[in-house]
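The values are calculated or read from the model by the stated rules, or taken from the named source; none is laboratory data. Keep in mind that this is a model prediction, so the values were computed, not measured. Using ideal geometry, Cβ is built from the backbone for each residue, glycine included, and neighbour counts are taken over all protein chains shown. Just the protein is used for accessible areas: all its heavy atoms, side chains included, with ligands, DNA and RNA removed. Shrake-Rupley method; radii C 1.70, N 1.55, O 1.52, S 1.80 Å.
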Amino acid sequence: MGPMIYADHNATSPLRPEAREAMSAVYDMGAVNPSSVHTAGRAARGVVERARATLGGAIGSRAEDIVFTSGGTESDSLAVHGAVAGLEGKCTLIVSALEHEAIGKAAAHSGVVMETAYLTSAGTVDLEDLGSRLKSWDHAAKGTPVLCLMLANNETGIIQPVAAAAALVREAGGLTICDAVQGLGKVPVNVGLLGVDYLAVSAHKIGGPQGAGALWHRAGAPLKAVQYGGGQERGLRSGTENVAAIAGFAAAIDAAMRDMPKYQALGALRDAMEARLEAEAGVIVTGKASPRLAGVSNFAKPGFSAETQVMAMDLAGVCVSAGSACSSGKVKRSLVLMAMGADDTLAESTIRTSFGWSTLPSDFDGVADAWLKAVERIIAKEKA
């Protein structure tokens with residue numbers, strides 16, 4: 001077996017050397033609490049505020065509208081529960097069928113009415129259906145419409161028409177929550193151009209450390225804290241900031257923004273890999289007709305379970321997944337593909353490869369070689 005090929009960047013991306021160096025510099029500072037008023041505390045506060053400015057520059061926002069959190073899940077939860085609390089529960093959440101569980105479960109536990117924003121067969125939100133429903137929106141009965149729509153799907157890589165959807169919601173007097181965890185550093189993200197009211201991001205999807213994330217919220221957008229304590233992050237997210245992780249996050253942002261053209265160039269290599277798998281094994285690729293993240297490929301070989309494929313690839317030294325990473329560590333049928341109209345056979349036989357900053361051009365052929373050999377072994381075993 002040769003060197004391991006890591007093709008699961010959407011689950012977590014390896015720590016960038018720039019992030020490691022930035023974190024080490026913070027650890028070398030010694031005791032750092034950015035709420036302390038002494039010299040060491042002020043130095044720590046400087047690290048946090050420079051990082052806030054870095055993220056603001058990356059997404060086109062004011063630094064003061066950014067709240068640091070422990071990651072994408074907390075950012076999503078703060079956006080949903082914080083917006084609902086800010087609206088005093090007088091709202092209806094419209095949750096797209098492709099949202100990460102962090103959004104879906106927060107919405108389900110928010111205590112307010114939920115509706116579904118449906119998808120087209122191409123995997124993008126159905127703007128016609130959404131617009132039709134918003135035009136006849138009954139504010140007296142339903143309150144403010146709050147759309148939850150991610151920027152880029154973690155399983156398929158399909159990029160959503162967030163700006164168009166947010167414009168429809170805004171016209172109806174509503175708000176939009178955007179989970180941009182998979183989009184940051186891979187495609188341009190500008191909160192003004194997107195027209196959203198809340199935007200969640202995470203460090204470890206772009207080569208930063210796990211345990212760091214942020215929520216941007218538009219000035220004036222309703223948002224109340226759901227975690228109480230010492231009043232850090234302007235009272236919206238109490239708890240001592242993780243200074244080292246925040247520093248690593250900022251360094252990863254700088255590196256990802258610099259390397260975005262390299263990431264986007266992965267699309268041609270991904271397309272070639274998919275074409276080979278289609279020609280040699282007849283795989284079905286999801287999302288080819290829609291704009292996708294350059295490093296993501298979601299494909300299926302009906303009749304071969306996703307779990308079997310993932311295990312076979314692992315034995316071959318290749319890390320892939322069958323969708324979003326979940327706490328159980330088990331392979332589950334893709335609800336996103338089901339929402340796109342895929343049948344059970346396709347949804348249960350789909351795997352995802354996701355490439356990123358550490359990917360080598362040869363990794364694409366390595367993944368294809370390993371997958372084709374794995375399928376050959378499976379077929380031979382079944383025939384024996």
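What number of residues within the range 343-358 are open to solvent by 20 Å² or more (accessible area, probe 1.4 Å) and not charged (D, E, K, R)?
4
Filter the range 96-137 down to residues that are in contact with a Cys (Cβ under 7 Å, 6 or more places away or on another chain), under 15 Å from Met150 (Cα atoms) and not in a helix (DSSP H, G or I), then give me how many there are.
Going through the range 96-137 one residue at a time, the tally reaches 2.
From Gly220, Gly192, Gly235, which residue is open to solvent by 20 Å² or more (accessible area, probe 1.4 Å), under 21 Å from Val162 (Cα atoms) and without any contact (Cβ under 8 Å) to a residue 24 or more places away in the chain?
Gly220
Give Leu175, Leu199 a once-over and let me know the one that is touching a strand residue (DSSP E or B) at 6+ places or on another chain (Cβ under 9 Å), open to solvent by 10 Å² or more (accessible area, probe 1.4 Å) and of a type outside the set (D, E, K, R).
One residue alone meets the criteria, Leu175.
With the condition kept exactly as written, say whether any residue in the range 57-67 is under 19 Å from the mean Cα position of the chain (by Cα), open to solvent by less than 10 Å² (accessible area, probe 1.4 Å), in contact (Cβ under 8 Å) with a residue 24 or more places away in the chain and closer than 25 Å to Ser35 by Cα.
yes
Taking the range 223-246 as the region of interest, how many residues are on the phi > 0 side of the Ramachandran plot and of a type in the set (Lys, Arg)?
Of the residues in that region, 1 qualify.
Looking only at residues that are assigned to a loop (DSSP other than H, G, I, E, B) and buried (at least 18 other Cβ atoms within 10 Å of the Cβ) in the range 248-287, which one is nearest to the chain's Cα centre (by Cα)?
Checked the range 248-287; the qualifying residue nearest to the chain's Cα centre (by Cα) is Gly287.
So, in the range 227-280, how many residues would count as being in contact with a Ser or Thr (Cβ under 6 Å, 6 or more places away or on another chain) and within 16 Å of Thr54 (Cα to Cα)?
Here the count works out to 2.
Out of curiosity, is Gly208 closer than 15 Å to Ile59 by Cβ, open to solvent by less than 50 Å² (accessible area, probe 1.4 Å) and under 13 Å from the mean Cα position of the chain (by Cα)?
no
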